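Heads up: the structure comes next, in structure tokens.
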Amino acid sequence: MSEQPIDTCMEKIVSLCKRRGFVFQSSEIYGGFNGFWDYGPYGIALKRAVERQWWLYMVEKRNNVVGLDSSIICHPKVWKASGHVDRFGDIMCDCKQCKTRFRVDQMPDPTTCTNCGSKDLTPPREFNLMMKTYVGPVFDEEHIAYLRAETCQPIFLDFHSIRIATRMQLPFGIAQVGKAFRNEITPRMFTFRSREFSQMEMEFFCADEGSMEWFEYWRQERWNFYLNVLKFPVEKLHLHPHDKLAHYAKAAVDIEYEFPFGWGELEGIHHRGTWDMSQHQQFSEQDLQYLDQSNNTRYLPTVVETSVGLDRMVLAILCNAYDEDRAPTQKEGMEDDVRVVLHFPATIAPVQVAFLPLSKKLNQNAQDLQAKFLGRYRTELDVTGNIGKRYRRQDEIGTPYCVTFDFDSLEDNAVTVRERDSMAQERIPIDNLRAYLDEKVLG
Ligand code: GAP
């Protein structure tokens with residue numbers, strides 16, 4: 001896409017998301033609710049497809065990773081043990097003049113308001129990011145519980161149940177996709193930092209010896225996912241090793257993506273050592289050691305984690321897919337117009353194949369053809385507007401293939417397949433359509 005000012009580019013993506021029903025603000029009729037987002041029909045189709053690709057890649061295509069779907073609310077002690085209740089917060093200060101609130105670690109000069117230049121600031125204060133609720137009939141301190149702030153903690157709690165049930169032996173991983181909640185002080189950049197979001201995490205349990213090799217392995221695997229599955233260009237990605245490591249960690253690296261607003265963290269790969277397991281062992285007073293039958297030793301497993309926000313990944317996919325190019329208008333003698341197009345890979349496109357009857361009289365024929373592919377691909381029947389407008393609409397939602405049923409189709413039993421990126425059109429016999437699309441869409 002041609003270089004555009006950051007704000008314009010983000011504004012266009014946000015506006016397209018709303019216009020076409022990908023993502024819009026939660027509770028809009030009440031003025032919206034900051035940090036919460038709703039995914040419309042195309043948004044959820046995209047999100048589910050991305051999640052599906054992650055699950056395929058991380059769980060189903062391996063024999064050493066299994067899945068989990070845990071509860072969102074777990075015993076409050078979990079978050080004491082993990083350190084979230086006491087230490088999970090941002091240090092903030094407020095400008096007394098213009099009332100802007102800042103994260104102190106993000107201020108170029110923590111003594112001066114970045115917005116108005118005033119030096120009249122409140123002392124830095126810590127804000128905890130855990131979302132609180134009450135469980136049970138009484139709303140008092142004793143009944144406080146928390147919505148999980150990350151999906152990985154229940155994985156540590158369930159490690160032994162899963163190990164026993166599946167007879168898995170170290171090294172192996174447990175993956176989970178689900179909601180996480182953080183009372184972010186400054187939700188920003190559309191869905192990039194939200195208060196409710198989905199995470200896709202995998203905790204890989206292994207012996208400490210050899211754990212750095214596993215860390216390197218998973219870093220490479222996750223890098224490959226962005227290149228080979230999501231088809232991100234390599235120049236839009238980089239690896240950012242953490243300068244400061246938690247005292248228990250041996251290594252940590254972020255995979256960053258170049259969003260229109262700058263480089264932002266997409267995913268973290270963390271060597272967490274035995275920290276989580278030892279904390280839960282201490283707080284639960286249960287023996288959480290693993291018995292290694294190969295050498296009859298007992299130890300707490302070391303953990304290598306891969307952690308990514310699904311919403312943030314979807315936002316990166318939208319930014320990466322967004323493009324404007326010049327396309328000839330349908331009408332002869334008229335100038336080219338700007339075509340907005342989302343270049344999604346076919347595997348994750350919300351609509352993979354659209355069926356377009358050339359005339360109203362052919363609606364039923366197109367619908368009958370579509371019926372043959374329901375459940376095989378994500379499809380749509382698009383009957384309104386002239387064919388040029390319908391192509392543009394499908395380009396805007398990122399549909400890689402449009403199948404047009406015209407009057408000739410009645411005679412030659414063939415349809416025109418139009419490819420989104422090249423806009424090339426090909427006549428395909430209906431009898432060959434499935435084989436043709438399978439190869440293109442399913443890969
Ligand atoms: N278990 C480790 C963990 O949760 P994190 O760096 O706090 O680590 C991991 O979060 C990923 O979750 C981030 O790289 C990001 O993709 C996503 N994430 C974190 N906070 C988020 C937020 N407020 N909104 C959207 N995604 C978020």
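The values are calculated or read from the model by the stated rules, or taken from the named source; none is laboratory data. Given the structure is predicted, the values throughout are model-derived calculations rather than measurements. Here the Cβ is made from the backbone with ideal geometry for all residues, glycine too, and neighbour counts use every protein chain on show.
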Please go through the range 216-250 and pick out each residue that is part of a strand (DSSP E or B) and surrounded by 18 or more Cβ atoms within 10 Å (Cβ to Cβ).
Leu237
Residue by residue through the range 54-87, note down the ones that are in a helix (DSSP H, G or I), at pLDDT 95 or above and exposed (fewer than 14 other Cβ atoms within 10 Å of the Cβ).
Leu56, Glu60, Lys77
Give me the residue from the range 168-212 that is closer than 19 Å to Tyr299 by Cα and among the acidic types (Asp, Glu) and, out of that set, surrounded by the most Cβ atoms within 10 Å (Cβ to Cβ).
Glu203
Hey, can you tell me all the residues within the range 103-128 that are assigned to a strand (DSSP E or B) and closer than 21 Å to Phe88 by Cβ?
Arg103, Arg125, Glu126, Phe127, Asn128
Suppose we keep only residues that are farther than 15 Å from Trp37 by Cβ and among the aromatic types (Phe, Trp, Tyr) within the range 175-218. Which one would you say is farthest from the ligand (Cβ to nearest atom)?
Tyr217
Quick check on this structure: which one of Tyr290, Tyr299 is away from the ligand (no atom under 16 Å from the Cβ), at pLDDT 95 or above, crowded, with 17+ Cβ neighbours inside 10 Å and more than 30 Å from Ser422 (Cβ to Cβ)?
Tyr290
Qualifying residues in the range 348-383 (those that are in contact (Cβ under 8 Å) with a residue 60 or more places away in the chain and farther than 29 Å from Leu315 by Cα) - the one surrounded by the most Cβ atoms within 10 Å (Cβ to Cβ)
Leu369
Listed residues Phe197, Phe156, Phe225, Phe192; which is touching a Phe, Trp or Tyr at 6+ places or on another chain (Cβ under 6 Å) and among the aromatic types (Phe, Trp, Tyr)?
Phe225
If you check Glu265 against the conditions, is it away from the ligand (no atom under 12 Å from the Cβ), within 30 Å of Phe190 (Cα to Cα) and either in a loop (DSSP other than H, G, I, E, B) or within 20 Å of the chain's Cα centre (by Cα) (or both)?
no
Quick check: anything in the range 310-322 more than 16 Å from the ligand (Cβ to nearest atom), over 22 Å from Tyr42 (Cα atoms) and modelled with pLDDT of 95 or more?
no
Considering only the range 273-287, state which residues are in contact (Cβ under 8 Å) with a residue 40 or more places away in the chain and either within 16 Å of the ligand (Cβ to nearest atom) or within 23 Å of Arg222 (Cβ to Cβ) (or both).
Gly273, Thr274, Asp276, Met277, Gln279, His280
Give all pairs with beta carbons closer than 7 Å in which a residue from the range 191-204 that is in contact (Cβ under 8 Å) with a residue 12 or more places away in the chain and among the aromatic types (Phe, Trp, Tyr) meets a residue that is more than 7 Å from the ligand (Cβ to nearest atom) and outside any strand (DSSP E or B); count only pairs at least 6 apart in sequence or on separate chains.
Phe192/Leu315; Phe204/Pro171; Phe204/Trp214; Phe204/Trp218
Positions within the range 394-422 being touching a Pro at 6+ places or on another chain (Cβ under 9 Å), more than 15 Å from Pro357 (Cα to Cα) and touching a residue at least 24 places away in the same chain (Cβ under 8 Å), in sequence order:
Ile397, Gly398, Thr399, Pro400, Arg420, Asp421
Test result for Ala165, free of Cβ contacts under 8 Å to residues at least 60 places away in the same chain and more than 16 Å from the ligand (Cβ to nearest atom)
yes
Which of the helices (runs of 4 or more DSSP H) contained wholly in the range 376-443 include at least 1 residues that are under 27 Å from Asp337 (Cβ atoms) and aliphatic (A, V, I, L, M)?
387-397
Complete set of residues in the range 136-162 that are within 16 Å of the ligand (Cβ to nearest atom), of a type in the set (A, V, I, L, M, F, W, C) and within 17 Å of Met277 (Cβ to Cβ)
Cys152, Ile155, Phe156, Leu157, Phe159
Show the residue pairs that are 6+ apart or on different chains and have beta-carbon atoms under 9 Å apart, the first residue being within the range 119-130 and within 19 Å of Pro108 (Cβ to Cβ), the second being surrounded by 12 or more Cβ atoms within 10 Å (Cβ to Cβ) and of a type in the set (Lys, Arg).
Asp120/Lys96; Leu121/Lys96; Thr122/Lys96
Candidates Ser71, Ser82 - the one that is within 30 Å of Gly273 (Cβ to Cβ) and in contact with a helix residue (DSSP H, G or I) (Cβ under 6 Å, 6 or more places away or on another chain)
Ser82
Can you tell me which residue in the range 285-313 is nearest to the chain's Cα centre (by Cα), limited to those that are of a type in the set (S, T, N, Q) and within 30 Å of Val23 (Cα to Cα)?
Ser307
